[in-house]
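Notes to accompany the following structure.
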Amino acid sequence: MAESDAHKRYEFKRQLEELRSKKGRGTELISLYIPQDKQIFDVVAQLRDEHGQAANIKSKITKTNVQSALESLMSRLRYFPRSPKRGVILFTGAVDIGGNKTDLQSFTVEPPEPLISYKYHCDSAFYLEPLEDMLTDKMTYGLLVLDRREATVGLLKGKHIETRDHMTSSVPGKQRKGGQSAHRFQQLRLIAIHDFYKRIGNAASKVFMTVDHKDLEAVLIGGPSPTKEEFHDGEFLHHELEKKILGLFDVSYTDESGLFELVDNAADALINLDVIKEKKYMERFLKKLVGDNGLAAYGEEEVRQNLQMGSVEVLLLSEDLRRERLNTKCTQCGYADAVTVTRRPGEDKPELAPCKKCKGTVKVTDSTDVVDELSTLADQMSTQIVFISTDFEEGAQLMNAFGGMAAILRYKTSV
Ligand code: ZN
């Protein structure tokens, strides 16, 4: 995943987190998924219809809230003569803000991938499943399932499986016909099996080579034993692809349904693949840290200063990092300062410490997300950014012991 993609993914994840934190008191939150090819006119017509039906809602408060949300949506759709390229999602509703109060809030999300289906959804929470699906890794995997009679080739892109090729063999069964010598029969059978493996290898290589080399993460092979092992040992795939074989998995079907079975059975191996990559970066950082050669930095201040100097080779950011950098100004003496605060969706703004100079009250002049701030610095200095999940020990350690950020340095600095 390219650096800017990693950052976009983080932004998107954070946006989802905020939407997920919103709750309605009744079924008052509306989610509207509009694909590019959907006529806005039709959407408005449905909303008008829903508005009419909402008149039957028994609770007066719910009725008012739903109708206000629908009115707000209809007026926002005036600004969309047509849906954007990848479609658009509008969220609107009376959000519970505590203290027996609600607030009509609206959010617009442009999806990172094209929307496929139109959806109108009204519930006590926003409907986020299609967006959450888009968060899953977009790496491509080569899929191959085979036995001696049939083989299917496909690709796994994100969560989507595409069947690309299917072939059957003329390998004779184990029973020979009368009149044939047992030895001759066995020989012909082995030749036919070998030929079929060769055909499979060529067809699969052709399909997998259509994927950009750096985007093809791994190749998964499935089938009954010992067929898949035989195929693997014979090295029938292109040699570049042989290196990418992640593993052999038992599956009982070798048609299209076998591809789905293969992905299910390889799920653990696939999850580990992501973790392994992140783990390698964390190990590199920890090794430098223990090595005490000054090539590791951690904690916000140290990392920021190194970034500004351009000394950071790799910036490691925890996916759980939720911090804001606030620029402040004293209301009495005008002293300007900057502080970092932790803030999660739904939490109140934290109280600010009094002015360092005169103990007066300070106010926030502007704020930036710390990840955005550091990513911008990193981009300017050609620093590689890697986001680290907390799903494994060293990843959790980055968040808990190193303040959620660490750096592998190009050279030693005096920071
Ligand atoms: Zn002051």
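Annotations for the structure displayed:
- Counting the residues of segment 367-415 that are in a strand (DSSP E or B) and either farther than 19 Å from E301 by Cα or aliphatic (A, V, I, L, M) (or both) gives 8.
- In segment 85-108, the residues that are among the small types (G, A, S) and either exposed (fewer than 14 other Cβ atoms within 10 Å of the Cβ) or in contact (Cβ under 8 Å) with a residue 40 or more places away in the chain (or both): G87, G93, A94, G98, G99
- Exclusive hit being under 28 Å from the mean Cα position of the chain (by Cα) and aliphatic (A, V, I, L, M), set A353, A407: A407
- Pairs where the first residue, in segment 304-332, is among the hydrophobic types (A, V, I, L, M, F, W, C) and the second is within 16 Å of the ligand (Cβ to nearest atom) and open to solvent by less than 10 Å² (accessible area, probe 1.4 Å), C-beta under 8 Å, 6+ apart: C330/C355; C330/G360
- Residue in segment 14-26 that is of a type in the set (D, E), assigned to a helix (DSSP H, G or I) and at pLDDT below 95 present: yes
- Condition met for N293 (loosely packed, with under 14 Cβ neighbours inside 10 Å, in contact (Cβ under 8 Å) with a residue 40 or more places away in the chain and not assigned by TED's automatic domain parsing to the domain that holds F208): yes
Residues checked against (1) open to solvent by less than 30 Å² (accessible area, probe 1.4 Å); (2) more than 16 Å from the ligand (Cβ to nearest atom):
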residue: L316; (1), (2): yes, yes
residue: N327; (1), (2): no, no
residue: A336; (1), (2): no, no
residue: E373; (1), (2): no, yes
residue: S382; (1), (2): no, yes
residue: F402; (1), (2): yes, yes
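- Of the helices (runs of 4 or more DSSP H) lying entirely inside segment 195-307, those carrying at least 1 residues that are small (G, A, S) are 256-265, 267-291.
- Strands (runs of 3 or more DSSP E) lying entirely in segment 81-139 (those with 1 or more residues that are polar (S, T, N, Q) and closer than 22 Å to A54 by Cβ): 88-98, 101-109
- Sole exception among (1) more than 30 Å from E278 (Cβ to Cβ); (2) more than 16 Å from the ligand (Cβ to nearest atom) for V312, by number: (1)
- P112 open to solvent by 60 Å² or more (accessible area, probe 1.4 Å) and in contact (Cβ under 8 Å) with a residue 60 or more places away in the chain: yes
- Of all the residues in segment 140-175, those that are more than 30 Å from V275 (Cα to Cα), in a strand (DSSP E or B) and either open to solvent by 20 Å² or more (accessible area, probe 1.4 Å) or of a type in the set (G, A, S) (or both) number 5.
- Selection from segment 189-241 of residues that are within 26 Å of Q175 (Cβ to Cβ), open to solvent by less than 20 Å² (accessible area, probe 1.4 Å) and not aromatic (F, W, Y): I193, I200, G223, T227, K228
- Complete set of residues in segment 124-169 that are hydroxyl-bearing (S, T, Y) and within 30 Å of L16 (Cα to Cα): S124, Y127, T136, T140, Y141
- Filter result (outside any loop (DSSP other than H, G, I, E, B), open to solvent by less than 60 Å² (accessible area, probe 1.4 Å) and more than 14 Å from the ligand (Cβ to nearest atom)) within segment 340-363: T340, V341
- Number of positions in segment 21-63 that are more than 17 Å from F80 (Cα to Cα) and surrounded by 15 or more Cβ atoms within 10 Å (Cβ to Cβ): 15
- Scan of segment 254-278 for residues that are among the hydroxyl-bearing types (S, T, Y) and either under 13 Å from I161 (Cβ atoms) or surrounded by fewer than 18 Cβ atoms within 10 Å (Cβ to Cβ) (or both), ordered by number: S257
The values are calculated or read from the model by the stated rules, or taken from the named source; none is laboratory data. Keep in mind that what you see is a predicted model, and the values were worked out from it rather than measured. Ideal geometry is used to build each Cβ from the backbone, glycine not excepted, and the neighbour counts take in all protein chains shown. Quick note on the areas: whole protein, heavy atoms, side chains included, nothing else; ligands and nucleic acids left out. Shrake-Rupley method; radii C 1.70, N 1.55, O 1.52, S 1.80 Å.
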